[in-house]
Amino acid sequence: MRAIFFSDSHLGFRFARAQELLDFLKQYQPDKLYVVGDFLDAWRLQQRWYWPPTYRELIDHMLMWREHGVEIFYTPGNHDAFLRKPIPQFQGIQIQDHFVHEAIDGRKYCITHGDLFDSVEQKMHRLSRAGSRVYDGLTTVNAGTNRLLRSIRIPEWNYCFWLKRASKKIVGAVNDFQQRLADFAQSQQCDGVICGHIHSPAVVLDGHFVYCNTGDWVEHRSALIEHLDGTLSLLDNGQVLKTVAPRSDRPLPAAGPHPATAAS
């Protein structure tokens, strides 16, 4: 893979799918890794510390990549906003509110978490945190319910997922979330945007503009990858949801040595 983009792993939340994220990352060796916000869930960690060994394994794997020449970019989100000011310095990891990624086909993508373009999050922060606590409680009840359903061989029902999807759709309608992001990306002379925040994996083509949401690792197991030929693929649970073909009007450059190869 040329690049991997993922967001909203929410380490610190007991229902985060850290092991599944680690298993996913172990399948690939990218040139660049973009962590698109809410990697850590400081809101939950402040309330109750939860840090299983899998978290350390996940971070160690990413650091191993860094040692082999993989470039790592981290744009904080609302749950790990403490990384924004002052911006800490980690050797080999770049941290900014947004980055510009140039794909191999010449397209430029603005990479940002998305919470800075969510007016509910910006103007009603306490409401957002209160909603997060309610969601935590519902997720716990949902998990207990599904354990019972599995024991009597009845299909699981993730009502927390549907509740959160409905609330995020309302936020999107009120905020015009996608349009705000598109306007900002275009102000940065970008051809598209790659974000997270609303836990809804999506790829939307609007003319020549590309909107990509990487989804999450709580309700979904989704990420965006850029292949060596310039194709973008949105994956969820190993299945390709949508692809974006590389631009046909620009020849691809010759492939250079892979970072892992160069480091060996």
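Annotations for the structure displayed:
- Positive end of the dipole of region 1-124 (Cβ unit charges, origin at the Cα centre): among Gly92, Gln19, Trp43, the Cα lying farthest that way belongs to Trp43.
- Selection of chymotrypsin sites (Phe, Trp or Tyr not before Pro), region 33-116, meeting DSSP coil and at most 13 other Cβ within 10 Å: Trp49
- Sites Tyr28 and Lys242 - FRET efficiency at Förster radius 25 Å, r taken between beta-carbons, to 0.05: 0.85
- Difference of contour (0.36 nm per residue) and Cα-Cα distance, Asp249 to Thr54: 65.8 nm
- Where region 1-60 is the region considered: accessible area per residue in Å², 1.4 Å probe: 41
- Gap separating the Cα centres of region 51-95 and region 190-208, nearest whole Å: 23
The values are calculated or read from the model by the stated rules, or taken from the named source; none is laboratory data. Computed from a prediction, not measured in an experiment: that's the story for all the values here. Because the Cβ atoms are built from the backbone with ideal geometry, glycine has one as well, and the counts that use them run over all protein chains shown. Just the protein is used for accessible areas: all its heavy atoms, side chains included, with ligands, DNA and RNA removed. Shrake-Rupley method; radii C 1.70, N 1.55, O 1.52, S 1.80 Å.
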